[in-house]
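Before any comments, here is the structure.
The values are calculated or read from the model by the stated rules, or taken from the named source; none is laboratory data. Predicted model, so just to flag it, every value in this text is computed and none were measured. We place every Cβ from the backbone using ideal geometry, glycine too, and count neighbours over all the protein chains shown. Side chains included, ligands, DNA and RNA excluded: accessible areas come from the protein's heavy atoms. Shrake-Rupley method; radii C 1.70, N 1.55, O 1.52, S 1.80 Å.
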Amino acid sequence: MSRALFLSSLSRVAMLAALATTVGACSTNPATGQSIFTGLMSPTQEQQVGDEQNSAIIAQYGGAIENARINQFVNDIGQKLVPYTERTDVARYSFTVLDTDDVNAFALPGGYVYITRGLLNLAQNEAQVAGVLAHELAHIQARHSAQQYSQGALANLGVGLLGAVIGGSGGQMASQAAGLGAQAGLMKYSRTHEFEADTLGIRYMQKAGYEPSAAAAFLEMLARNTQFESSIKGAGNSANAFSLMASHPQTTDRIQQAYQIAAQYPQAQYTLGRDRYLNAIDGMNYGGSAKSGFVRGNEFIHPDMGFRFSVPNGFEITNGAKNVIADNGKGALIVFDTGRGQNNNAAQYLTQTWLQGRQIGQVENITVNGLSGAAAQVPQVSINNTPKDAQFVALSDGNGVFYRLMYLTPTGQQANYAADYRRSTYSFAKMTQADKNQYKPHTIRVVSVQAGDTPQSLANRMSIKDHALDRFSLLNGITPQTKLNTGDKVKLILSQ
Ligand SMILES: [Zn+2]
């Protein structure tokens, strides 16, 4: 999660106001030639929405990456694709790299394209990155995001996980954030839109000289990544719900279609750009940064925000852009985020802001490693239509900010978790400078294969020890059995 949680610059009100003044209509799309319903949004309004939401999106996703080499690399690819797109009513395109481990890419109306650090780590070459950017440009050309926004506004989307739990003003802010994020994300487009964007995207990348089959190859990487993540998290983990491909059961179809489209283009000397890609991403963070926080075993550590806490054994931590979720795969969940109160009174914050308007049990005042806080039981909250028992804990940072921990259990099972959850609450602590210095982020390093190196021997060198061989294989798009050639370049995960 990012510091940006303290901000709440989403302005749906302004967006809805803009939408309310127009009449629905269909327009013909220059990219697809089809008539579409984008009714509620004109190109000017698309631009307004994009301009307005851009900084909020960046903030929600951990901020933009501050690495000139990577930004240049991504922007160069994007600008190379733009001349082959169709729309003439988009003033400019921007390509932003978001500093999050999430594997994602998405577009906002008005020419805003985003790609995450996690996605860049997973790619194998420049052409695969081009395939992703071209796909997002295609959504803008075909006005899918405008359609999405139009429909989204109509349906008044925006109920995310947190919103479903909390309600009240604190929760509303979070649910808006979650709603917009999801709306902007790849996962929310329809199957038809995805196929359309794949088709158009491959056209743009081929025209720009990139190997057209790289788009399909990256879809395969996405599928592998999803498989890897669910294998380490175990089946039934709710974190899977946040995965890019979770709502794309038709990935196999998309991969197949993308290869078929690519095969229709003439054979030529297309660019793959592996070396350029490797040069650009060498040194990039992997698996969290001081800015976004780290997961280390059953601990979550956020050096920049200066705190740490642990979760019970058997819980897998997912560090999302907006919150941190720990899940034991058996219906118990811990959700961490932050909120802002009127003052530093935790009990008041809990009852009047966070849980405003809800039936809650007795509020208990607590002190956790010097932080004053409050805790309350809330029976029968609903998460994705599943009832849970919940305990809410708010700890004051002393500057109006509250650290919030939600401990959820399947109904009637609270007693089984009470001791573990209590230990987790009391593990929450601010970090000293010496503490912070201990945590070095993992980074991607590009190395040359030496004689005798195997995937296993290279994986053994990595600073990340869990699932090292699988991780190494995935990161490099190979299998544990692949024979490496001396001089080949591979990505390793090392400490800085
Ligand atoms: Zn898409």
*asked:* Just to be sure I understand, how many residues within the range 189-215 are touching a Lys or Arg at 6+ places or on another chain (Cβ under 8 Å) and either near the ligand (Cβ under 10 Å from one of its atoms) or part of a helix (DSSP H, G or I) (or both)?
replied: 3
*Pairs only if they're at least six apart or on different chains, beta carbon under 6 angstrom, first in the range 320-331 and closer than 17 Å to Gly287 by Cβ, second of a type in the set (Phe, Trp, Tyr); list them, first residue then second.*
Ala321/Tyr61; Val324/Phe300; Val324/Phe336; Ala326/Phe315
*Going through the range 406-439 one residue at a time, which ones are within 18 Å of Lys388 (Cα to Cα), surrounded by fewer than 19 Cβ atoms within 10 Å (Cβ to Cβ) and of a type in the set (A, V, I, L, M, F, W, C)?*
Ala415, Ala418, Ala419
*Somewhere in the range 128-137, is a residue open to solvent by less than 10 Å² (accessible area, probe 1.4 Å), in contact with a Lys or Arg (Cβ under 7 Å, 6 or more places away or on another chain) and at pLDDT 95 or above?*
no
*If you take just the strands (runs of 3 or more DSSP E) that sit entirely in the range 363-419, which of them hold at least 2 residues that are of a type in the set (D, E, K, R)?*
386-396
*Of all residues making up the range 462-482, the number that are touching a helix residue (DSSP H, G or I) at 6+ places or on another chain (Cβ under 9 Å), open to solvent by 80 Å² or more (accessible area, probe 1.4 Å) and among the charged types (D, E, K, R)*: 0
*Restricting attention to the range 70-98, which residues are in contact with a helix residue (DSSP H, G or I) (Cβ under 6 Å, 6 or more places away or on another chain), small (Gly, Ala, Ser) and open to solvent by 50 Å² or more (accessible area, probe 1.4 Å)?*
none
_Whichever residue in the range 104-122 is surrounded by 23 or more Cβ atoms within 10 Å (Cβ to Cβ), away from the ligand (no atom under 13 Å from the Cβ) and closer than 29 Å to Ile478 by Cβ and, among such residues, is nearest to the chain's Cα centre (by Cα)_ = Thr116
